[in-house]
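The values are calculated or read from the model by the stated rules, or taken from the named source; none is laboratory data. Source: prediction; values computed, not measured. Cβ sites come from the backbone with ideal geometry, for glycine too, and all protein chains shown count toward neighbours.
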Amino acid sequence: VSSGALKPVIDSVYSFDQLLPALEKLESKSVRGKVVLRAAY
């Protein structure tokens, strides 16, 4: 990934407090890439 050979497709990014909408997005099967869930430290 760091060399640029692989480029993951990101469909959407959600914060951890938006977990339910992120899961609904995954279940809708309208995802065209990865759904990213950000965790705050």
(request) Give just the number: which of (1) outside any strand (DSSP E or B); (2) surrounded by 10 or more Cβ atoms within 10 Å (Cβ to Cβ); (3) charged (D, E, K, R) does E27 not satisfy? (result) (2)
(message) Looking only at residues that are assigned to a loop (DSSP other than H, G, I, E, B) and polar (S, T, N, Q) in segment 1-24, which one is modelled with the highest pLDDT?
(response) S3
